[in-house]
Structure formats: structure tokens, C-alpha cells
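Report on the following structure.
Values quoted throughout were computed directly from the atomic coordinates according to the rules given, and no laboratory measurement underlies them. These numbers come from a predicted model, not from an experiment. When we count neighbours, we look across all protein chains shown, and the Cβ atoms used for this are built from the backbone with ideal geometry, even at glycine.
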Amino acid sequence: MSDFLAEGDHVIGVDIGGTKLMAVVYDHSFEAKGRSKRKSKSKKGEPTEERLTKTIQEALEGAGVERVRGIGVGSPGPLNPKTGVIIDTPNLAWKNFPLAKYLEKAFNVPVVVDNDVNVGTYGEYRFGEIRDCESVLGVFPGTGIGAGIIIDRKVFYGFSGAAGEFGHMTLEVDGPYCGCGKRGCLEALASRVAIAAESAALAARGDAPNLLATCGTDLAKIRSGALAEAIKAGDTMVEGVVRKAAYYVGIATGNAINMLSPEAVVLGGGLVEAMPKLYLEEIKRGISDHAMPFLRKKVRIVTAKLGDDAVVLGAAHMIAERVGDS
């Protein structure tokens, strides 16, 4: 049983991703009772916030619950966790959007909004295998690349409230342009989009026949699972692209270990889930090459165990804490 919810209470955890929306209704012991999932963007141009409302409503209907104590949301950043305002999400076309107030008005319950990677890291910390740790770094490579930081068992937000923009660490000063406008960000070098673009070029010139057969050169189709299957089928150059990207993530993680000295690093996101062995190997290699020996010596490097549910569980726990303390 939760320390924050009474028997009969329910909360909703929401995961807003660059490609998907998911809402899950949980009872007082964080057992899932209803869930709904759909793509973030509509081909008909339906606003993301309207699709989000429908997703939450469908989860409620699936659970057979009319009212919940609150809604917790993990959203791409940067955002202000105190106000629930999404400052800027290029992938979803939100700019200074008051998401918390929007959902509070729509469902008439308290809402907490936090960065999706903070929330995913918190979910792993609360429900995964690193529950005994006091300081954790969560690294989630996917459509973007973010980090969640837990220090002294609390999410670290920094002065701005948006700490953890891991994907915008500059690794190549004159590198490729990133969606944020800078050059050489980790995200521009190692996100799934960056991997897909380089792999599509290989497919187009005949160097990735298995990927070409399954996805063509359509970046939207070259997802984590498709990359894993192409590598398994023998596309060695695609494997080289993915390993290089994973190693970049390892370099950045090593730098973060030098700065934060966490007790554990948890690796999650679609790419890690699809290719855990490959990512663990390359990220560990990057850490070994770039983190100081004394600082990396006893750091636990683990893969996330909650999969798609990390963010929704973390968000549900965050709102349960909020309403439980009120």
C-alpha cells in the first residue's frame, strides 16, 4: 500500500513523448487499472493537448473510474515544474504552454508536471532495482536524449528548474546542427533521429540491405526495433552507426559522473530497450575512457527495468506524494 494514498484512491500517470502519448490509471498500491496510448501527432493536425485529453479520458473509462485524486505528467522539456508551464518543445509545437492549468481545468483535479526524463528516472528509483541508492543519474537516449538527476533521494532541478538537459551537452564544436539551434550537441550526434538519418543514407547506397528491405529510407520507419532487427540480420554498418552513437552517450555519461559522482547510472529509453547489450557495452566503454577512475570505481551501471511504464509510474508517484501531503 502507498504511504500517500488511501484504499480506494486512484491517480493517473501520463507520459508525453515525442512520438507517443500514454496515460495509466493506478490504484492506491500503484497497480495499473486502465491505460490508453496513441501517437503524439495527428495527421489531421489535431492539437497535442486535445489528443492528450482524449488519452486520459480513455484510460479513465478503461479503469471504470470517474474521478481520481490527481494527475502526474512527464513531458519533454524544458519546462517549469513549479508552474507546470512547458517552455519550449519543438517536437510538439508547445511554447510557454500552461499544461498543468489546462489539465486542471479539464479534469478538475491537482496536476503536477515534470520533465519526462526526471519522471522516468524517479520511476526507476521508486520502483526499479536502484531503490537503495541515494544519488542516481538516469540517461534516456531516444527521440531526444535527456537525463534525470536524483541527489539525496530528491530530483535535482537546479536554479532554472530545468537541470538535466543532457542531450544538449556539446561534444563536437563544429558538429551537426541540433534541433535546439546549436551545433554538435549529443542529441544531434546520438539520438534515434541522428542514427536513423545516417542509417537511411547507408540503406540508400546499398550498405544496409536488411534495413532497406524493411524500412526503405523513411526516417519515420527506422525506429529502435527496426535498427535492432537490421543489426541482427547482418547490417554491420548499421551496427557501427549505433555503436558510435552509444559511445557518444558513454562519453557524456562519463563527463556527468565526473561532475555529479552518482551512486548509480540507470540507462533507459527505446534504443536501450531494443539493444541493451550493445548500449551497455558502448556506454560502459565511454565511461571507462572519460570518467575519472576514482569517481567511476563503484558506480552501478544498470539498464532500466520498467520499460514504457517508467514515466507513468514516476508521474503517478509524484502526484500521489503531492496529494498525500496536502
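With a Förster radius of 35 Å applied to the beta-carbon distance between ARG183 and VAL109, the computed FRET efficiency rounds to 0.25. Of the GluC sites (Glu not before Pro) found in the range 44-89, those in coil by DSSP whose Cβ has at most 10 other Cβ atoms within 10 Å are GLU66.
Taking each residue as 0.36 nm, the span from ALA6 to MET259 lengthens on full extension beyond its C-alpha to C-alpha distance by 87.1 nm. Given 25 °C and 0.890 mPa s, how large is the Stokes-Einstein diffusion coefficient of the range 263-326 in µm²/s, with Rh as the Kirkwood radius over Cα pairs? D, rounded to a whole number, is 179 µm²/s.
Would you please state which residues of the range 187-201 a label at LYS39 would reach in this model, taking the label point 7 Å out along Cα→Cβ and a backbone N cut-off of under 17 Å? Backbone N within reach: 193.
Applying the criteria of a DSSP loop state and at most 11 other Cβ atoms within 10 Å to the trypsin sites (Lys or Arg not before Pro) of the range 192-262 yields ARG205. Label sites at PHE159 and ARG300, each approximated as a point 7 angstrom past Cα along Cα to Cβ, lie 3.4 nm apart.
Please report the orientation-averaged projected area of the range 129-303, defined via the convex hull of its C-alpha atoms, in nm². Please list the in-between numbers first.
Values: hull surface 41.0 nm².
Computing the convex hull of the Cα atoms and averaging its projections yields 10.3 nm².
If only the Cβ of Lys and Arg carry +1 and only the Cβ of Asp and Glu carry -1, the dipole of the chain around its Cα centre is close to 500 debye.
Full-extension gain between THR236 and ALA213, please, as 0.36 nm times their residue separation minus the C-alpha to C-alpha distance.
Working it through step by step, the gained length comes to 6.8 nm.
Just so you know, the Cα atoms of the chain work out to an Rg and Dmax of 19.5, 60 Å. A DSSP coil position with no more than 12 other Cβ atoms inside 10 Å describes the following trypsin sites (Lys or Arg not before Pro) in the range 31-137: LYS43, LYS44, ARG67, LYS82, ARG131.
For the range 129-303, what is the relative contact order in percent, using Cα pairs closer than 8 Å and at least 6 residues apart in sequence?
Working: 313 pairs, mean separation 38.8, N = 175.
That works out to 22 percent.
How high is the relative contact order of the chain, given as a whole-number percent (alpha carbon pairs under 8 Å, six or more residues apart)? Show your work: numbers first, answer last.
Numbers: 723 pairs, mean separation 63.7, N = 326.
Reported as a whole number, the value is 20 percent.
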